[in-house]
Amino acid sequence: MTRGPIILFEGLDRTGKSTQTESLVDALRRVGIGAELFRFPNRETGLGKMINAYLTGGSLNDETAHLLFSANRWECKDALVASSEAGNAVVIDRYIFSGVAYSAAKGLEREWCVSPDLGLPSPDIVIFFKFKDTAKATERGQYGEERYEKVEFQKLVRHEFEKFEEESSGSWNVVYVDDKPIAEVAEEVWQIVGSVCEKGIEDEIRPFQW
Ligand code: Z5A
Ligand code: MG
């Protein structure tokens with residue numbers, strides 16, 4: 001059975017993940033390829049509403065927040081698998097690696113952070129958006145409104161993401177986005193994913209392992 005690829009966009013704050021995931025789904029549909037966007041946190045569910053309250057100033061201890069973000073992925077798992085198996089390109093805006101990176105940057109143990117996400121559907125392709133200069137994020141829209149949007153904290157998050165990038169042994173696709181127009185980033189993304197989306201994936205969905 002051929003299924004649709006699971007394409008994950010990860011990256012630092014304000015690097016353009018939401019802009020590019022939305023634009024990729026539109027571009028795929030325009031050329032007749034089924035595509036569905038999954039965004040995490042998914043703020044529409046009951047758990048997602050709790051996460052939204054937390055991100056906009058509410059109080060939870062770090063462990064509880066971490067497990068809520070993970071549970072928010074698990075509650076979307078069946079829909080995500082069904083969408084890929086129905087032949088859609090599944091485009092994900094943040095996922096497991098964001099979950100671990102933000103919590104580990106707060107000081108939680110990395111191994112503990114990964115464990116609740118083990119077994120989730122693994123992405124087939126990871127695109128990692130970065131600024132060469134982490135402080136670039138502050139120049140972009142609405143920066144600083146949510147709890148993690150501070151440059152010093154972003155540097156810690158970046159370090160945590162980069163551990164996963166290293167562990168991927170070159171399989172992550174790194175895209176530097178500093179001073180690149182939206183259309184240029186979209187073209188780079190298309191070069192990475194276009195042909196895989198046309199062909200589909202023969203292998204079954206792998207459970208996430210670490
Ligand atoms: N979090 C967590 O702790 N644990 C978890 O498990 C998960 C998440 C999944 C909210 O996530 C927070 O939750 C986040 C991580 C944490 N921490 N923070 N802060 P979110 O995904 O909902 O966050 P967001 O509000 O979507 O922001 P973002 O993801 O950081 O932004 P983005 O999606 O990368 O960027 P964007 O919204 O597409 O673009 C930002 C602005 O830049 C906007 O005005 C665009 O028009 C502009 N833009 C985009 N591309 C360009 C280019 N190329 N040039 C110039 N301007 C551009
Ligand atoms: Mg976003």
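Among all positions in the stretch 33-54, there is at least one residue which is among the β-branched types (Val, Ile, Thr), out of contact with any strand residue (DSSP E or B) (no Cβ under 6 Å at 6 or more places or on another chain), within 14 Å of ligand 1 (Cβ to nearest atom) and under 28 Å from Lys106 (Cα atoms).
Table: residues versus (1) of a type in the set (Val, Ile, Thr); (2) touching a helix residue (DSSP H, G or I) at 6+ places or on another chain (Cβ under 7 Å); (3) part of a loop (DSSP other than H, G, I, E, B).
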residue	(1), (2), (3)
Thr19	yes, yes, no
Glu22	no, no, no
Val25	yes, no, no
Leu37	no, yes, no
Pro41	no, yes, yes
Leu47	no, yes, no
Ile51	yes, yes, no
Gly58	no, no, yes
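Considering Val151, Val90, Val100, which residue is more than 16 Å from ligand 2 (Cβ to nearest atom), over 21 Å from Gly57 (Cα atoms) and touching a helix residue (DSSP H, G or I) at 6+ places or on another chain (Cβ under 7 Å)?
Details: Val151 fails: over 21 Å from Gly57 (Cα atoms); Val100 fails: over 21 Å from Gly57 (Cα atoms).
Step by step, each of Val151, Val90, Val100 is checked, and only Val90 is more than 16 Å from ligand 2 (Cβ to nearest atom), over 21 Å from Gly57 (Cα atoms) and touching a helix residue (DSSP H, G or I) at 6+ places or on another chain (Cβ under 7 Å).
Of all residues in the stretch 7-32, those satisfying the criterion of being surrounded by fewer than 23 Cβ atoms within 10 Å (Cβ to Cβ) and more than 10 Å from ligand 2 (Cβ to nearest atom) are Leu12, Ser23, Val25, Asp26, Ala27, Arg29, Arg30, Val31, Gly32.
The residue of the stretch 21-32 that is farthest from ligand 1 (Cβ to nearest atom), among those that are in contact with a strand residue (DSSP E or B) (Cβ under 6 Å, 6 or more places away or on another chain) and in contact (Cβ under 8 Å) with a residue 12 or more places away in the chain, is Leu28.
Name every residue in the stretch 98-137 that is among the charged types (D, E, K, R), under 18 Å from Gln154 (Cα atoms) and at pLDDT 95 or above, in order of residue number. Listed by number, the residues that qualify are Lys106, Glu109, Arg110, Lys130. Please tell me if Phe9 is of a type in the set (Phe, Trp, Tyr), part of a strand (DSSP E or B) and more than 16 Å from Gly194 (Cα to Cα). Criteria not met by Phe9.
Suppose the filter is among the small types (Gly, Ala, Ser), crowded, with 16+ Cβ neighbours inside 10 Å and near ligand 1 (Cβ under 9 Å from one of its atoms); does Ser84 pass it? Outline the logic, then answer.
Numbers: among the small types (Gly, Ala, Ser): yes; crowded, with 16+ Cβ neighbours inside 10 Å: yes; near ligand 1 (Cβ under 9 Å from one of its atoms): no.
No; evaluated as a whole, the condition is false for this residue.
Just to be sure before I move on: is Arg3 of a type in the set (D, E, K, R), more than 12 Å from ligand 1 (Cβ to nearest atom) and buried (at least 17 other Cβ atoms within 10 Å of the Cβ) in the structure I sent? Against the criterion (of a type in the set (D, E, K, R), more than 12 Å from ligand 1 (Cβ to nearest atom) and buried (at least 17 other Cβ atoms within 10 Å of the Cβ)), Arg3 qualifies. Total residues in the stretch 152-176 satisfying the condition of being free of Cβ contacts under 8 Å to residues at least 40 places away in the same chain and surrounded by 15 or more Cβ atoms within 10 Å (Cβ to Cβ): the figure is 2. Taking the conditions (1) without any contact (Cβ under 8 Å) to a residue 60 or more places away in the chain; (2) surrounded by fewer than 13 Cβ atoms within 10 Å (Cβ to Cβ) in turn, Lys180 satisfies each one other than (2).
Taking first residues from the stretch 86-108 that are in a loop (DSSP other than H, G, I, E, B) and of a type in the set (D, E, K, R) and partners that are at pLDDT 95 or above and away from ligand 2 (no atom under 16 Å from the Cβ), the Cβ contacts under 6 Å between residues at least 6 apart in sequence or on separate chains come to Lys106/Asp62.
Tell me, please, whether a residue that is assigned to a loop (DSSP other than H, G, I, E, B), of a type outside the set (Ser, Thr, Tyr) and either modelled with pLDDT under 95 or surrounded by 22 or more Cβ atoms within 10 Å (Cβ to Cβ) (or both) can be found in the stretch 62-75. No, the stretch 62-75 contains no residue that is assigned to a loop (DSSP other than H, G, I, E, B), of a type outside the set (Ser, Thr, Tyr) and either modelled with pLDDT under 95 or surrounded by 22 or more Cβ atoms within 10 Å (Cβ to Cβ) (or both).
The values are calculated or read from the model by the stated rules, or taken from the named source; none is laboratory data. Quick caveat, the model's predicted, so the values are computed rather than measured. Ideal geometry is used to build each Cβ from the backbone, glycine not excepted, and the neighbour counts take in all protein chains shown.
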